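Reading through the structure tokens given below for one structure.
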Amino acid sequence: QIGFTDATGAAARFSSPHGVAFDGGNLYVADTDNHAIRQIVVSSGVVTTIAGAGTQAGFADGNGGNARFNAPRGVFPDGAGNLWITDSDNQRLRKLVEATGDVTTLAGQNFGSNDGTGAGASFAGPCAVTSDGAGDLYVLDAFGHTVRKVVIASASVATLAGVAGADGNSDGVGAA
């Protein structure tokens, strides 16, 4: 049943969850249509909203329930106490500090495929995120048809593969 309820096991409710990641004890879920990031303690099945207000789309950096997302799709725990989140309809890559619940924007602001730094970069429907474990994140940019590399230390975004706006299935290097 569709809904937004923090609870245990089958009593919990989600709405179109897309991204899920495991950190060794917890699952983290991008609850897309509830515009929230949820945590499931695997050992008990307890579901808790850790960021976002649930059912309230928007954009705001902030703490826990004061943060706002618009269709988060990807979530990745980096092993250093942070969750990296693709906030798809806000065209941003966001960071959630697990210990404090603080949500900040690392990169992105507008719809597009501009390489750049911080808010000077743009995304076109970022939908998934992972890391190489060496300070770089990789973002699938769905409507840009690209894979983007984000250097965490500098917030710089560069297209790693694909051509913005050109779909297809060619093997090659970089833009090829």
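The values are calculated or read from the model by the stated rules, or taken from the named source; none is laboratory data. What you are looking at is a predicted structure, and each value in this text was computed from that prediction instead of being measured. Cβ placement follows ideal geometry from the backbone for every residue including glycine, while neighbour counts extend to all protein chains displayed. The protein model used for the area step is the full one, side chains on, heavy atoms only, and it has no ligands, DNA or RNA in it. Shrake-Rupley method; radii C 1.70, N 1.55, O 1.52, S 1.80 Å.
Below, the figures for the structure above:
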item: Selected residue [surrounded by fewer than 18 Cβ atoms within 10 Å (Cβ to Cβ) and of a type in the set (D, E, K, R)] from Arg92, Arg13, Arg38, Arg68; result: Arg13
item: Among residues of the range 34-53, those that are farther than 26 Å from Asn110 by Cβ, in a loop (DSSP other than H, G, I, E, B) and either of a type in the set (S, T, N, Q) or at pLDDT below 95 (or both), counted; result: 2
item: Qualifying strands (runs of 3 or more DSSP E) (wholly inside the range 64-176; at least 1 residues being more than 29 Å from Gly54 (Cα to Cα)); result: 136-141, 146-151, 156-161
item: Residue in the range 44-60 that is open to solvent by 40 Å² or more (accessible area, probe 1.4 Å), without any contact (Cβ under 8 Å) to a residue 24 or more places away in the chain, aliphatic (A, V, I, L, M) and farther than 15 Å from Ala128 by Cβ present; result: no
item: One residue from Asp31, Asp6 being at pLDDT 95 or above and buried (at least 18 other Cβ atoms within 10 Å of the Cβ); result: Asp31
item: Test result for Thr86, open to solvent by 40 Å² or more (accessible area, probe 1.4 Å) and either touching a residue at least 24 places away in the same chain (Cβ under 8 Å) or aliphatic (A, V, I, L, M) (or both); result: no
item: Qualifying residue in the range 119-130 (condition: on the phi > 0 side of the Ramachandran plot and open to solvent by 20 Å² or more (accessible area, probe 1.4 Å)); result: no
